[in-house]
1. What residues of region 147-176 lie in the reach of a label at Asp96, counting those whose backbone N is under 14 Å from a point 7 Å from the Cα along Cα→Cβ?
2. Over the Cα atoms of region 27-83, each weighted equally, I'd like the Debye log10 I(q)/I(0) at q = 0.15, 0.20, 0.23 Å⁻¹, rounded to two decimals.
3. Provide the FRET efficiency to the nearest 0.05 for the Arg176-Ala23 pair, computing r from the beta carbons and using R0 = 25 Å.
4. In vacuo Debye scattering of region 1-125, one point per C-alpha: log10 I(q)/I(0) at q = 0.19, 0.20 Å⁻¹?
5. Just the projected area, averaged over all directions, of the convex hull on the alpha carbon atoms of the chain: how many nm²?
6. Would you mind pulling out the separation of the Cα centroids of region 154-174 and region 235-254, in Å?
7. Using θ = phi - 60° and the Karplus relation 6.51 cos²θ - 1.76 cosθ + 1.60, list the HN-Hα couplings for region 229-246 in order, rounded to whole Hz, with x at every Gly or Pro.
8. Taking H placed 1.01 Å from N in the peptide plane, check which residues at least 5 places from Met245 or on another chain put their amide H under 5 Å from its amide H.
Amino acid sequence: MKVALITGGSRGIGLGIARHLAAGGYNLAINGIRPAAAVQEALTALRAYNVQVIYCQADIAYAEQRQQLLQQVKQQFGRLHVLVNNAGIAPRERKDILEATEQSFDEVLSTNLKGPYFLTQAVANWMIAQQQADQDCQGCIINISSISATIASVNRGEYCLAKAAMSMATQLFAVRLGAYNIPVYEVRPGIIETDMTAGVKDKYDRLIENGLCIQPRWGYPDDVGKAVAALAAGNFPYSTGQVIMVDGGLSVPR
Ligand code: NDP
């Protein structure tokens with residue numbers, strides 16, 4: 001059975017992705033920073049798909065915790081086919097870039113960029129070794145960035161910077177891993193109903209009403225989950241380094 005690791009898979013978009021990969025028969029390693037006791041409901045729901053699910057509590061911003069996370073996945077499953085770099089945070093407080101703090105910059109960049117970047121590096125080396133030992137064990141890496149990668153929101157510059165850089169990381173790893181036939185994709189969600197967007201609901205309601213191409217509605221974690229599952233399933237064998245928008249057409253230039 002194939003194995004997928006989803007960072008930040010304990011709720012929100014990550015859990016939506018986990019549901020769709022579980023439905024596709026993947027054994028799962030779900031990561032988050034809360035203790036295991038807090039995510040039991042999510043784990044039970046995923047196990048109902050008759051797949052193995054482990055929870056790995058680790059803060060991906062820290063090298064040692066990333067290492068422990070991968071160690072746990074190796075011990076439990078021995079191999080890894082799909083990495084979904086989904087964990088991410090918004091700045092604690094939205095501040096204009098003329099006032100934003102270095103502390104917030106470090107926090108957001110460490111979680112949204114440094115963590116996924118070095119996790120990808122470690123996983124890529126693992127996937128290469130894995131494939132050399134067994135030709136049939138193919139890897140795939142999927143980054144969850146954001147429409148903020150190309151839209152300059154000056155009251156959360158650190159978030160936009162991190163997501164834009166994640167896009168370049170997608171391309172860098174796609175180029176480097178192409179020779180090993182390990183595709184690297186980026187999924188860019190628009191406005192998705194999760195804890196992250198709960199505090200700015202009114203603002204996004206207005207944007208959804210006026211900005212989408214499809215009939216106005218919030219995006220759901222399952223919308224992102226479906227896109228990730230399609231990519232992981234190998235439906236795009238001649239594509240890598242590419243972006244899939246999951247934004248109801250919000251980013252379509254008009
Ligand atoms: P949520 O806040 O709902 O969930 C975030 C998840 O990430 C949780 O599982 C959380 O773990 C985990 N997490 C946060 N920090 C860390 C860390 N340092 N190490 C490990 N896990 C961590 O966010 P969303 O589901 O909304 O967002 C998921 C991703 O999608 C993010 O990268 C976000 O930037 C991106 N995105 C979201 C959009 C939206 O509209 N919601 C739009 C575009 C992109 P725990 O549960 O333990 O706290």
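Coordinate-derived values only; no laboratory data. Everything quoted here is computed from the prediction, not taken from an experiment. Here the Cβ is made from the backbone with ideal geometry for all residues, glycine too, and neighbour counts use every protein chain on show.
1. Once the point is set 7 Å along Cα→Cβ of Asp96, 154-157 turn out to lie under 14 Å by backbone N, inside region 147-176.
2. -0.43, -0.75, -0.96
3. Values: r = 31 Å, r/R0 = 1.24.
Here the calculated transfer efficiency is 0.20.
4. -0.99, -1.07
5. Details: hull surface 54.6 nm².
For the Cα atoms of the chain, the hull's average projected area reads 13.6 nm².
6. 16 Å
7. These are the phi-based 3J(HN,Hα) values: 4, 5, 5, 5, 6, x, 6, 10, x, 10, 10, 7, x, 9, 10, 10, 7, 10 Hz.
8. Arg188
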